[in-house]
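The structure appears below as structure tokens.
The values are calculated or read from the model by the stated rules, or taken from the named source; none is laboratory data. Predicted model only: the values in this text are computed from it and were never measured. All Cβ positions, glycine included, derive from the backbone under ideal geometry; neighbour counts span all protein chains shown.
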Amino acid sequence: MPKFERHIFVCTNQRPAENPRGCCDAEGLGSLQLLFKKELAARGLKNVVRANRAGCLDQCEHGPTVVVYPEAVWYGNVKSEDVSEIVESHIINNTPVARLQLADECLNTAVCPHRPPRTTE
Ligand code: FES
């Protein structure tokens, strides 16, 4: 079997509804990751691109969060209707979906304007 060329990590983390950070998979169904798997399989890509469930990717305020490696393209607010576009444009045609990409300045920083003040959790 060939090596995977890409991994699509889909956050499926859950938090209680009252948590100010929110979460990417409040229903706990993992449905977004399953849609990526289904889309990849339908396009004959399941042996070269893997869609994995991920724990919190620390971009909760932008969730549901998805990141594609090895190119480290981050997507936020991904909805089920975006899955086909991401696979078609990014995975097949090597053109990330700009409208869903998270700004570099919002990644891995405590000062992102979307991030609520941190509490001790
Ligand atoms: S809960 Fe999904 S990035 Fe944190």
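Residues in the stretch 90-105: is at least one in contact (Cβ under 8 Å) with a residue 12 or more places away in the chain and either loosely packed, with under 12 Cβ neighbours inside 10 Å or among the basic types (Lys, Arg) (or both)?
To start, the set of residues in the stretch 90-105 that are in contact (Cβ under 8 Å) with a residue 12 or more places away in the chain comprises 90-92, 96-97, 100-102.
With the extra rule that they be either loosely packed, with under 12 Cβ neighbours inside 10 Å or among the basic types (Lys, Arg) (or both), the set shrinks to none.
No.
Where in the stretch 36-121 are there strands (runs of 3 or more DSSP E), lying wholly inside it, with at least 2 residues that are at pLDDT 95 or above, at positive phi and more than 15 Å from the ligand (Cβ to nearest atom)?
Ranges flagged: none.
In the set 57, 40, only one residue is in contact with a helix residue (DSSP H, G or I) (Cβ under 8 Å, 6 or more places away or on another chain) and surrounded by 14 or more Cβ atoms within 10 Å (Cβ to Cβ); that residue is 40. Per the conditions (1) under 21 Å from residue 15 (Cα atoms); (2) loosely packed, with under 12 Cβ neighbours inside 10 Å, the sole criterion not satisfied by residue 70 is (1). Sub-7 Å Cβ pairs linking a first residue in the stretch 31-44 that is under 19 Å from residue 93 (Cβ atoms) to a second residue that is of a type in the set (D, E, K, R), at least 6 apart or interchain, are 40/46, ordered by first then second residue. Do we have residue 50 as without any contact (Cβ under 8 Å) to a residue 60 or more places away in the chain and touching a Phe, Trp or Tyr at 6+ places or on another chain (Cβ under 7 Å) here? Taking the combined requirement at face value, the residue satisfies it.
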